[in-house]
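Here the structure comes first, spelled out in structure tokens, and everything after it is commentary.
The values are calculated or read from the model by the stated rules, or taken from the named source; none is laboratory data. Note that the coordinates shown come from a computational prediction; the quantities given were computed from them, not determined experimentally. Positions of Cβ are generated from backbone atoms using ideal geometry, with glycine treated the same way; all protein chains shown enter the neighbour counts. Calculation scope for accessible area: heavy atoms of the full protein, side chains included, ligands and nucleic acids excluded. Shrake-Rupley method; radii C 1.70, N 1.55, O 1.52, S 1.80 Å.
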Amino acid sequence: MFRPVFRLLANRCLCAATASLVLLSAAPVQAAVLPETTAAETFAGADRLALNRRVFDTVWREVQRSYYDPKLHGVDWRAARETWRPVALAAPDERQLYRAINAMLDLLDDDHAAVSPAAAVQRRATQRQRRPLMGLTLFAEPDGAQRIERVREGSPAQEAGIAPGWRLETVNGERWGPEIDLPEGTAVALRLVDQAGRAHDVSLTPRLMDPVPAFSADRSRPGLVVLRIDAFEAGLGRWLGTQLADLTPDIDVILDLRANPGGLLMEADAALSCFLPDRQVWATRTARSGRATTLRVGRGCGGLDAPVGNDLAVLVDASSRSAAELTPAALQEAGRALVFGEATAGSVLIAQDTDLPDGGRLTLSRADFRTSGGIRLEKRGVVPDVVVATTAADLGAGRDPVMEVAIEALSKDRLTVRAQASPSLPF
């Protein structure tokens, strides 16, 4: 059944070994690589076949009748079914099944169109709960490599000496995937490579840790508040309102949306209401039918009577996706904020979830999006006003050049900073 919640969420960003998120991609699976079913597994194999059929057919039909582009980007969906259904039905386990279905969905060239196995769905549901963790936050490089972006203090990963900037090669001899479980007390074998190219074989035992909050505020610097938003989850607007309510005009504000995979559309609107006038147009949503709906800023910022006027900077990177792209784009277009960092992912569509028969989930784009200036961010992303890259060496040394440049810019005259900024999107 459909969940009646519009999401701006890149489904390939799936919960990993921490409360943060990992960008994943589905690799094509060929039938030849699937192991054969033995005679002793005949009964179990029959059950597996029936379940595979139900899951695959549910996904295929839902895409055919509900995808936001009725032409499916030119993909011959019946031919895709003929190619991938035999592979999916022959899958001996959940992992191979979901790899096959995601390979078919990759034909749509849409990061939102993906299936998540039951383990990933459960991990996402318990993301803000106390659970077994290794303490790593991963960032997916363009080539698919998984880089360690953050190591949580007091975690098994920190105790093992793993550092930001290292690359994760395998988990228990396999590439990381959302179906990998991390039970408490069971050792996990990691192979990592540091910045110098040296390999490290590390055994970590996940242990129960409290969740990392989705939103946090840092007021340690004079004249500045940094609001870190890990995802556009329920309650964001109310939280922002409480953080901004008592700010004096001389306090600068930084919104840190780096590695933010997106989330709820209503919370993106609520966040914008903290900074933009009520009823201001900020985007247009177009459904499968072609009907366009204009989105206007509502009132959701924690009960504030009016948006704040403090100087504002927004930090983004290549893992800022969906709502974490539309929000800076709207602020940038309105001339309300300067954007710093790296170009965003260009993954901006409205998706809804469909539960699958085995407990997994299909996330599928149901509507297209454009900014109020008519810019389609899908496959394009937001180009920062000031482009600042963060290297693996920066991570390893504990440097944050994006934050440093943004703080320096806010301390100067805004008009001077804007004149010196890199070219942005033609809003």
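Please go through region 149-210 and write out the GluC sites (Glu not before Pro) that DSSP classes as loop and that have at most 14 other C-beta atoms within 10 Å. Show your work: numbers first, answer last.
On the way: sites: 149, 153, 159, 169, 174, 179, 184; in loops: 153, 179, 184.
The qualifying sites are 153, 184.
Evaluate the Debye formula for region 239-393 with equal point scatterers sitting on the alpha carbons, no solvent, and hand back log10 of I(q)/I(0) at q = 0.14 Å⁻¹, in q order, two decimals.
Debye curve over Cα of region 239-393, log10 I(q)/I(0) at q = 0.14 Å⁻¹: -0.71.
Can you pull the percent of region 246-304's accessible area that's carbon plus sulfur, 1.4 Å probe, other chains left in place? Mind showing how you got there, number by number?
Details: 1250 of 2580 Å².
With neighbouring chains kept in place, the figure for region 246-304 is 48 percent.
Roll a 1.4 Å probe over the protein chains and send me the accessible area per residue for the chain in Å².
Values: 18110 Å² over 427 residues.
Accessible area per residue: 42 Å².
Principal axis lengths of region 281-321 from Cα atoms, whole Å, largest first?
The principal-axis extents, from largest down, are 40, 32, 15 Å.
Rounded to the nearest 500 deg cm²/dmol, what is the calculated helix-only ellipticity per residue at 222 nm for the chain, with -39500 (n - 2.57) per DSSP H run of length n ≥ 4? Each step should come with its number before you reach the end.
Details: 11 runs with 114 residues, N = 427.
Dividing the helical sum by the residues of the chain leaves -8000 deg cm²/dmol.
Counting only protein heavy atoms and using a 1.4 Å probe, what share of the accessible area of region 116-225 belongs to carbon plus sulfur, as a whole percent? Before the final figure, lay out each step's value.
Numbers: 2520 of 5180 Å².
Here carbon and sulfur together make up 49 percent of the probe-accessible area.
What are the extents of the Cα atoms of the chain along their three principal axes, in Å, largest first?
Largest to smallest, the principal-axis extents are 74, 54, 35 Å.
If you average the C-alpha positions of region 253-324 and of region 56-76 separately, how far apart do those two centres end up, in angstrom?
Their Cα centres are 29 Å away from one another.
Which one, 137, 229, 170, projects farthest toward the positive side of the charge dipole computed for region 124-232 from Cβ point charges (K/R +1, D/E -1)?
Final value for the positive-end residue is 229.
Per residue and in cubic angstrom, what volume does the convex hull of the Cα atoms of region 328-410 have? Working shown, then result.
On the way: hull volume 11.6 nm³, N = 83.
So the per-residue hull volume is 140 Å³.
Distance in nm between label sites at residue 399 and residue 193, each 7 Å beyond Cα in the beta-carbon direction?
Those two pseudo-labels are separated by 2.3 nm.
How many percent of DSSP beta bridges within the chain run antiparallel, rounded to 5? Walk me through the numbers before you get to the answer.
On the way: 52 of 68 bridges.
Just about 75 percent of them are antiparallel.
Just how much of residue 248 is accessible, in Å², when a 1.4 Å probe is used and the result is rounded to the nearest 10?
The value for residue 248 is about 70 Å².
Among the trypsin sites (Lys or Arg not before Pro) in region 109-157, which ones are in a DSSP loop with at most 14 other Cβ atoms within 10 Å of the Cβ? Mind listing them? If you can, show how the numbers build up before the last one.
Working: sites: 123, 124, 128, 130, 147, 150, 152; in loops: 128, 130, 152.
Here the trypsin sites (Lys or Arg not before Pro) that fit, given the DSSP loop and packing criteria, are 130.
Counting only other residues whose beta carbon sits under 12 Å from that of residue 207, what net charge do I get with K and R as +1, D and E as -1? Intermediate results must be reported in sequence, preceding the final value.
Working: positive: 130, 131, 152; negative: 159, 184, 210.
After counting each charged neighbour, the total is 0.
Evaluate the charge dipole of the chain about its Cα centre and quote only its size in Debye, nearest 20, assuming +1 on the Cβ of each Lys and Arg and -1 on the Cβ of each Asp and Glu.
Numbers: 50 positive and 54 negative charges, 220 e Å.
My answer is approximately 1060 debye.
For region 184-313, with equal point scatterers placed on the C-alpha atoms only and solvent neglected, what are the log10 I(q)/I(0) values from the Debye formula at q = 0.11 1/Å, to two decimals?
Debye output, listed in q order: -0.58.
Please turn the phi angles of region 240-250 into ³J(HN,Hα) values with the Karplus equation 6.51 cos²θ - 1.76 cosθ + 1.60 (θ = phi - 60°), one per residue in order, whole Hz, x for glycine and proline.
Per residue, the Karplus-derived 3J(HN,Hα) values read 4, x, 5, 6, 9, 4, 10, 6, 7, x, 7 Hz.
Can you tell me which of 50-60, 371-381, 226-236 comes out highest on packing, and rank the rest after it, using the mean Cβ neighbours within 10 Å?
Details: 50-60: 19.0, 371-381: 17.3, 226-236: 21.3.
For the peptides 50-60, 371-381, 226-236, the packing ranking is 226-236, 50-60, 371-381.
Return the sequence-ordered ³J(HN,Hα) values of region 230-238 in whole Hz as given by the Karplus equation 6.51 cos²θ - 1.76 cosθ + 1.60 applied to θ = phi - 60°, using x for Gly and Pro.
Rounded to whole hertz, the list is 7, 6, 8, 9, 4, x, 4, x, 4.
Between residue 186 and residue 408, 0.36 nm times their residue separation minus their Cα-Cα distance comes to what? Don't skip to the end; give the middle numbers.
Values: separation 222, 0.36 × 222 = 79.92 nm, distance 4.58 nm.
In short, 75.3 nm is gained.
With all protein chains present, how much of the accessible area of region 341-383 (probe radius 1.4 Å) comes from carbon and sulfur, to the nearest whole percent? Write out the running numbers ahead of the final one.
Numbers: 450 of 1130 Å².
C and S fraction of accessible area: 40 percent.
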